[in-house]
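A quick write-up on the structure given underneath.
Throughout, read-outs are computed from the coordinates displayed, never taken from laboratory work. Model, not experiment: these values are computed from the prediction. Cβ sites come from the backbone with ideal geometry, for glycine too, and all protein chains shown count toward neighbours.
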Amino acid sequence: MAIEVISRGHLPENDQFEASCSNCKSTLRFLRSDGKLTFDQRDGDFLTVACPVCGTSVNVAANKGKPPPPRPSR
Ligand SMILES: [Zn+2]
């Protein structure tokens, strides 16, 4: 019997994150796969990206990701 998908999920690396740069105040949107994931048992895992505007490291909590918007149906 084929495996049936009852409720379709999404890959965690496609989660979208938004964060603002503390240095230049740019607002950034990126995918989990764009950031570097750091495991932190005490404060919680977080993602780090380099701000494309000024290069400052921007951190965002790894559990703040949102699923990607649904693809338009054909
Ligand atoms: Zn910046």
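Here residue 37 and residue 73 are evaluated by their C-beta separation; at R0 = 25 Å the FRET efficiency comes out at 0.20. In summary, the chain shows an alpha-carbon radius of gyration equal to 1.36 times the 2.2 N^0.38 Å reference for compact globular proteins. Using C-alpha pairs under 8 Å with a sequence gap of at least 6, the mean separation divided by the residue count of the chain gives a relative contact order of 30 percent. With the cut-off at under 18 Å, measuring from each backbone N in the range 19-44 to a point 7 Å along the Cα-to-Cβ line of residue 63 picks out 32, 37-44. Along the charge dipole of the range 1-67, pointing to its positive end and built from +1/-1 on Cβ of Lys, Arg, Asp and Glu, which listed residue (6, 67, 23) has its Cα farthest out? Positive-most Cα among the choices belongs to 23. All other residues whose Cβ lies under 14 angstrom from that of residue 15 are scored, Lys and Arg at +1 and Asp and Glu at -1, for a net of 0.
So how strong a dipole does the chain carry about its Cα centre when Lys and Arg Cβ are +1 and Asp and Glu Cβ are -1, to the nearest 20 debye?
It comes to approximately 280 debye.
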